[in-house]
Amino acid sequence: MIVREYEEDEFAIHKVPLIMAGGVAAICIGLTAAVSLGFVDRTAIPSEVRAAEGITSVATRSIQFFDEADGTVRVEDATSGDVIASFEPATGGFVRSSVRSLVHERRIRGIGRATPFELIEYQDGALQLRDTTTGKSVELASFGADNRAVFAAMINEETR
């Protein structure tokens, strides 16, 4: 077995990459602070853009989500009680995560499940899942066409 002894000056840390990485981190922190402190306007907030452009909803459906004992997530129309969709375990990951984020906000505030969520489709094709009790919402089109299509299927022709 050959063992090589290294001298102290053989391990040099190059300063240029460290300075560049530090510069990128400083720029990111500066830009984030500028937006947070109001020096730079936030842009593309969907609800504000729709209001400014006069885009209104074309369909709204009140829906409720239920966790079954076997891990299935059942989606029902809150008005009629009809089952709209059902997602077996290991399926419907986007639906599960979208609803979990909204339910988490309800739990923090001590709000139960009595009030249904609203699934809203707008004139421009955007879809939004909104919780009227907390004011929180998820813009569903932001997560890609496939994920949007899962929720779009929940708005049927009768709600338009």
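Looking at segment 14-84, the chymotrypsin sites (Phe, Trp or Tyr not before Pro) that sit in a DSSP loop and have at most 10 other Cβ atoms within 10 Å of their own Cβ are PHE39.
Checking (1) 43, 40, 27; (2) 60, 35, 29; (3) 78, 50, 33 against the coordinates, the calculated Cα extents along the principal axes in Å falls under label (3). Note on VAL58 and LEU37: the extension gain reaches 4.0 nm, defined as 0.36 nm multiplied by sequence separation minus the Cα-Cα distance. Karplus-based coupling profile of segment 42-50, in residue order and whole Hz: 6, 10, 6, 7, x, 5, 6, 5, 5, with θ = phi - 60° in 6.51 cos²θ - 1.76 cosθ + 1.60 and x standing for Gly or Pro. Amide H to amide H distances under 5 Å link ILE111 with no residue, where only residues 5 or more positions off or on other chains count and H is placed in the peptide plane. Applying both filters, DSSP loop and at most 13 other Cβ atoms within 10 Å, to the GluC sites (Glu not before Pro) of segment 1-96 gives GLU5, GLU7, GLU68. Shown in residue order for segment 121-137 are the 3J(HN,Hα) couplings computed by the Karplus curve 6.51 cos²θ - 1.76 cosθ + 1.60 at θ = phi - 60°: 10, 9, 4, 7, x, 5, 10, 9, 9, 10, 9, 6, 6, 9, x, 7, 8 Hz (x for Gly and Pro).
The sum of -39500 (n - 2.57) across all DSSP H runs of n ≥ 4, divided by the residue count of the chain, sets its helix-only mean residue ellipticity at 222 nm to -11000 deg cm²/dmol.
Working note: Karplus 6.51/-1.76/1.60 with θ = phi - 60° gives segment 88-97 the couplings 5, x, 6, 10, x, x, 5, 4, 4, 5 Hz, where Gly and Pro are set to x.
Coordinate-derived values only; no laboratory data. Everything numeric here is computed off the predicted structure, so don't read it as measured data. Note that we place each Cβ from the backbone using ideal geometry, even for glycine, and neighbour counts take in every protein chain shown.
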